[in-house]
Amino acid sequence: MDNQKLNASFTLIAVLVGFMIAIQFQTIKEPAERDTRDIWQLREALLKEKELQSNLLSEIRSNEEKLAAYESKRKQSKEQTLIDTLKELKIEAGLTEINVPGITLHIEPVIEEIKPGTPVNKVVSPELLKRLLNELNMYEAKYVAIDGQRVINTTVIRDINGVTKIDGHTINSLPIEIIVGVDGNNTAEKLYNRMKVSKSSEEFFIENLKLSVSRPNPNVTVPAYDNSIRIRYMEPEKEGGDS
């Protein structure tokens, strides 16, 4: 009886040991197959990731090139804007020769109306020129040059020891020419018609001077201001100062 129980126990233990060995062998065998399969999948996934990374790098380089091109265009645009603005400011300040529609005025002595023995007036007073300029400005004149001297906002016309000067330029003989430029042919035509009936002609005639007006010209040349411009009461702004 004891021998039977011992044999049965031994048999049961043997079966259990065999079963456990079989399970362990199967457990060892199956992961080898899974690992082999995972390696190929990882390789394929790695290739896909590398391809994706390459595409991303190409896209980044493309975007960087586009940004660089855009930045270059933006800088060029800023520089061109500054150049255009400076050009406009120089034109407005009278520092640039300009070709525009306009008219030409001539001031000369009225010799035929002077009595014998009366001295011929060979000068024009600053007051007459100032009144003429005021009238021209009222009639939309934009660019004016008197005897080749450009008239700008800071121009001073005055009498110095009986001599008429325009910003230091001396007007000591007649005839003199006044070039007047405007914006547009229509404005030039209007200016011509107004100056033909202007009171300035009468004021000049009283001083034994004749003011004549030429027909509108689509292209008159107004010279640039060639004197130095003095800026008063202006100082450069200090960096970091109070706003």
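Which of the listed residues, Leu211, Leu174, Pro101, is farthest toward the dipole's positive end in segment 100-222, when Lys, Arg count +1 and Asp, Glu count -1 at the beta-carbon? The Cα lying farthest towards the positive end belongs to Pro101. The magnitude of the dipole of segment 100-222, with charges of +1 and -1 set on the Cβ of Lys/Arg and Asp/Glu and taken from the Cα centre, is near 100 debye. Remark on segment 100-222: Rg and Dmax equal 14.3, 46 Å (Cα only).
How large is the translational diffusion coefficient of segment 147-209 in µm² per second when you combine the Kirkwood radius over alpha carbon pairs with Stokes-Einstein at 4 °C and 1.567 mPa s? Present the calculation step by step, with values, prior to reporting the outcome.
On the way: Rh = 13.9 Å.
Result for D is 93 µm²/s.
Rule-based calculations on the coordinates, nothing more; no lab input. Quick caveat: nothing in here was measured; it's all calculated off a predicted structure. Positions of Cβ are backbone-derived with ideal geometry, glycine not excepted, and every protein chain shown enters the neighbour counts.
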